[in-house]
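The values are calculated or read from the model by the stated rules, or taken from the named source; none is laboratory data. Since we're looking at a predicted model, the values are computed, not measured. Backbone-built Cβ (ideal geometry, glycine too); neighbour counts: all protein chains shown. Remember, those area values only see protein heavy atoms, side chains included, never the ligands or the DNA or RNA. Shrake-Rupley method; radii C 1.70, N 1.55, O 1.52, S 1.80 Å.
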Amino acid sequence: MSSVFCNQCGHANAPDSGFCAACGAALELRTDQTITLGRIDPLQDARGGEHDVQVPVGELEPGQATLIVRNGPTPGMTLSVRRGLTRLGRHPDSEIMLDDITVSRRHAEIDWQAPDFVVRDAGSLNGTYVNAERVEQRTLRPGDELQVGKFRMLFYMRADA
């Protein structure tokens, strides 16, 4: 066996490693099982061509935005943010349900205050971050990175909204 791949992040580790050098996760060294690797982050690891994630901003309606999951259990997933209030959290009633223990039930909300989208922390335990800065409330701009729990998402909207 030449390398042991981490089931959490996909990092190639030395064959005698017990823990991943990249993320610290325990490595499964048994050879009698099938291991499924998580998807690679398409926005960080894109090399061009077929790996590029395209955001059709021109196809968004005025007052509509989108979040592209950059890191988390579903990298590359596109989440729609529409006019009005969009709640993010683990609660099943959330418009954007992020099912992970690092996300509070009622974590954050994005409110459309024409022509802007404003993100507000909803009293979460782990906080809400925009561009790696913890915020209580912040106007989102195209290309901003919104972090809720371990989900890191890129925000896009139509400029003429």
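Table for the structure above
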| read-out | value |
| --- | --- |
| Number of the exception - GLY84 against (1) on the phi > 0 side of the Ramachandran plot; (2) within 15 Å of the chain's Cα centre (by Cα) | (2) |
| Of residues in the range 65-85 being under 14 Å from TYR156 (Cβ atoms) and polar (S, T, N, Q), the one most open to solvent (accessible area, probe 1.4 Å) | THR78 |
| Residues (part of a strand (DSSP E or B), of a type in the set (S, T, N, Q) and within 18 Å of the chain's Cα centre (by Cα)) located in the range 106-129 | THR128 |
| Residue list for the range 130-156, filter: open to solvent by 70 Å² or more (accessible area, probe 1.4 Å) and part of a loop (DSSP other than H, G, I, E, B) | ASN131, ALA132, GLU136, ARG141, PRO142, LYS150 |
